[in-house]
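One structure is given here, and the rest of the page talks about it.
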Amino acid sequence: MTFNAQISQLSQRLIEESSGVWAVHDQACEQFANGEDVYLLSVGDPDLATLPSTIRATIDSLEKGRTHYAPGMGEKHLRQIISDIEIKSSGKHCDPSNVVIFPGATNAIYTVMACLLNAGEDVIVAEPMYVGYEGIFKALNVNVVPVELDVENHFELDVDRVKAAVTEKTRVVFINTPGNPAGNMISEQQLRDLADFCLENNLWLVCDEVYSMITFDEAHTSLRKAAAKLDNVVIIDGLSKSHAMTGWRLGWTVASTQFSQRLLDFTSSTIFGCCQFVQDAAAFALTNDEEYIQGVREEYRQRRNYVCERVNSIPGISCQVPKAGMFVMIKVDELAENGLRFAEDLLKKEKVSVLPGIGFGQSTTNYVRVSLAQPINVLKPAFDRIERYAKKLLG
Ligand SMILES: Cc1ncc(COP(=O)(O)O)c(C=O)c1O
């Protein structure tokens, strides 16, 4: 008898890749692994090293035997540190009962959305949006209502467009500031306006703030600082980007005590507590990072400046200067039918891999995203190739 391998509808939904956005990146990684001279500008994993003293603190924690189950909400000392940081940045009350620790922001987002949305309900999401959201919403079988950012005007959020998109089925408005892929920032006034509106309309407002520490010109404003009331507000943050700790898997939520308990119920069943020594590492990193974060910020600022200058000096492509984050969106419609074709052809002809804009939504079909997670001595030859490619196309 042959086994009839049936899988759940949830698993089935995750098979369907809507945009094919990773094909260029996967192909580039394969070529790179085969020793080909490929420049990978498609990755969002920081090339910078985790702070060496954090690594030493982790070894110390391991040697002390911190290798057991941890409390479902996370270690109290880490939650205390995060709530202290929150008080400083928002000026509002926060204590450890408002903070839940997760193995990465991705898991935190999944858990928050699973606790807020029923299948078939609407979540409004500002678009272009981080590619990672797609799988979460597909798994939960919720209806994503994209609201386009003002692509030509520094990808600014238009709060009125969000308001206009609300229907009876809307439960959650999900925003991301500073944004991936566009490095846009939502102002305090806009955040407050949105928070007021969501409260009046009985909607949850969830904000992904994982790039909060990588800002170049002005400081990040947290949704918790901007919102007049916090009952319907959830923020998500983590160490992956700011502390170059993607592989450590450490993220958190800050929410009302009541909702944090619901998150605890869920995460207790699915994760059963995060790694103790990683939480010790996070506690160390968050209390010894001032100089490190300044260095990280400065490094990305220089890379951003370099990339933007290069892009805007190459005929046929252009970019706006991102205010934050680790990426630059490049407009390529003078050179190709769309960003996907551009990315495919650039890899084929010049062995440079960039991410097609369609992966972030329809509004960035004519864009590609370049990552700043490479040093300038890699960005330079990669952009020499992009320049050669553009000049050849334009004859
Ligand atoms: C906007 C945004 N949110 C969340 C994540 C995922 O973060 P983590 O590594 O903590 O899961 C990323 C990673 O690229 C991101 O860009």
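A few points about this structure:
- Cross-link pairs beyond the 29 Å C-alpha cut-off, checked among LYS241/LYS380; LYS88/LYS323; LYS88/LYS138; LYS76/LYS229; LYS138/LYS391: LYS88/LYS138; LYS138/LYS391
- Remark: segment 324-329, residue by residue, has Karplus-estimated 3J(HN,Hα) of 6, x, 10, 9, 10, 8 Hz, where x stands for each Gly or Pro and the curve is 6.51 cos²θ - 1.76 cosθ + 1.60 at θ = phi - 60°.
- Only Lys, Arg, Asp and Glu carry charge here, each on its Cβ (+1 for the first two, -1 for the last two); on that basis segment 137-264 has a dipole of about 720 debye about its Cα centre.
- Ordering of 250-262, 193-205 by packing is 250-262, 193-205, highest average first (other Cβ atoms within 10 Å, averaged per residue).
- Rounded, prolate or oblate (a/c below 1.5 giving rounded, otherwise prolate when a/b exceeds b/c) for segment 248-304 by Cα gyration tensor: prolate
- Considering only alpha-carbon pairs that sit under 8 angstrom and 6 or more positions apart, the relative contact order computed for the chain is 24 percent.
- Antiparallel bridges, percent of DSSP beta bridges restricted to segment 138-251 (to nearest 5): 20 percent
- Cα gyration tensor category, rounded, prolate or oblate, for segment 147-306 with a/c compared to 1.5: oblate
- Positive minus negative residues near ASP384 (Lys, Arg vs Asp, Glu; Cβ under 10 Å): +2
- If only the Cβ of Lys and Arg carry +1 and only the Cβ of Asp and Glu carry -1, the dipole of segment 31-110 around its Cα centre is close to 500 debye.
- Three-way shape label, segment 294-356, alpha-carbon gyration tensor, a/c 1.5: prolate
- Using distinct alpha-carbon pairs, which all enter the 1/r mean, Kirkwood radius of segment 69-112 in Å: 11.0 Å
- Histogrammed with a bin width of 10 Å, the alpha carbon distances of segment 322-393 distribute as 21, 54, 24, 1 percent, first bin at zero.
- Estimated from helices alone, the mean residue ellipticity of the chain at 222 nm is -13500 deg cm²/dmol (sum of -39500 (n - 2.57) over DSSP H runs with n ≥ 4, per residue).
- Semi-axes of the equivalent ellipsoid for the chain, Cα gyration tensor, largest first, Å: 33, 25, 23
- Of the peptides 331-341, 277-287, the order by per-residue mean of other Cβ atoms within 10 Å, starting with the highest, comes out as 277-287, 331-341.
- CYS274, CYS115 arranged by Cβ crowding within 10 Å, fewest neighbours leading: CYS115, CYS274
- DSSP finds beta bridges in the chain, and of those with both partners inside it, around 50 percent are antiparallel.
- Over segment 52-288 - Rg/Rh using Cα atoms and the Kirkwood inverse-distance radius: 0.96
- Ordering ARG171, ARG369 by the number of other Cβ atoms within 10 Å of each residue's own Cβ, fewest first, gives ARG171, ARG369.
- Beta bridges per DSSP, both residues in segment 52-288: antiparallel share near 30 percent.
Coordinate-derived values only; no laboratory data. No experiment lies behind these values; they were computed from the predicted model shown. So basically every Cβ, Gly included, is an ideal-geometry build from the backbone, and we count neighbours across all protein chains shown.
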